[in-house]
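Reviewing the structure listed below.
The values are calculated or read from the model by the stated rules, or taken from the named source; none is laboratory data. This is a predicted model, so every value here is computed, not measured. Glycine also receives a Cβ, built like all others from the backbone with ideal geometry; neighbour counts cover every protein chain displayed. Protein only, heavy atoms only, side chains kept; ligands, DNA and RNA dropped before computing areas. Shrake-Rupley method; radii C 1.70, N 1.55, O 1.52, S 1.80 Å.
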Amino acid sequence: MATIRVPEMVFSGFKIIGELSGSELDKLIIYLNNLELGKFYGDLAEDLYDLLNIDGDDLLKAILSFTGLVSEEQDSYSVLAKNLAESYKELSNTKLNTKDTNKLKSNLLDILSNMDRIQLAEKAREFSVENSNNLREFKFITDIRLLENESSTNNENYGIVLHKLYLEYQNSDPLNELHLSISLEDLIELKNQIEKAIERDKRLRETYSGNIKLI
């Protein structure tokens, strides 16, 4: 009987881990130990795909599932790797021979022993998504709308310059879009506020540069 219940949603990630070759595992460990904090999980999954040519989402989900299991007792990692491998084998009904099972345990142990950065990334994400909506991408779209003036006798043409702010924001996992029409005055005020925010960011980073690595 398995002592840990591996959820079905990460079965495919466990399969990937068990099939990683020695060189692929080395690449993964190097990546985990040099993980860029503050990146979106979607970007991390793309990195894993580019690095190993596997389903990055599935692998990332499996690795993230370990963050709540890893303790400060490093001696327990081998036991944890053993329990995870046996749970996966039992619950997924995967036909693993002894060699494949041992390889999965070994690969899991290497990953579990190099979880420091991914745990920091998880904490950073928790703090960054405390608010309900988090900016993912934005851009300005500018256009001219011509006004018809059929009664004009002096061939005068009129038009309105239109600006639209496109926002893509994330609320938990789903991505949402918002389109806002804004005036020139709004653009100027946005510019001022952005410059103030950049200046505040700069001052904070300078103030804490010797004590905290700000993401």
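Listed by first and then second residue, the pairs linking a residue in segment 182-210 that is farther than 23 Å from Leu165 by Cα to a residue that is outside any helix (DSSP H, G or I) and not β-branched (Val, Ile, Thr), with Cβ atoms under 7 Å apart and 6 or more places separating them unless they lie on different chains, are Leu204/Leu214; Arg205/Leu214; Tyr208/Leu214. Of the listed requirements (1) touching a residue at least 24 places away in the same chain (Cβ under 8 Å); (2) under 30 Å from Glu168 (Cβ atoms); (3) surrounded by fewer than 15 Cβ atoms within 10 Å (Cβ to Cβ), Glu8 misses just one: (2). Taking segment 33-84 as the range and being of a type in the set (Ser, Thr, Tyr) and within 20 Å of Ser23 (Cα to Cα) as the test, only Tyr49 passes. The set of residues from segment 95-146 being assigned to a strand (DSSP E or B) and either under 21 Å from Asn34 (Cβ atoms) or touching a residue at least 24 places away in the same chain (Cβ under 8 Å) (or both) comprises Asn134, Leu135, Arg136, Glu137, Phe138, Lys139, Phe140, Ile141.
Does segment 19-39 contain any residue that is open to solvent by 20 Å² or more (accessible area, probe 1.4 Å), β-branched (Val, Ile, Thr) and over 25 Å from the mean Cα position of the chain (by Cα)? Taking every residue of segment 19-39 in turn, none turns out to be open to solvent by 20 Å² or more (accessible area, probe 1.4 Å), β-branched (Val, Ile, Thr) and over 25 Å from the mean Cα position of the chain (by Cα).
Among the residues making up segment 61-116, those that are among the small types (Gly, Ala, Ser), within 25 Å of the chain's Cα centre (by Cα) and open to solvent by 40 Å² or more (accessible area, probe 1.4 Å) are Ser65, Gly68, Ser71, Ser113.
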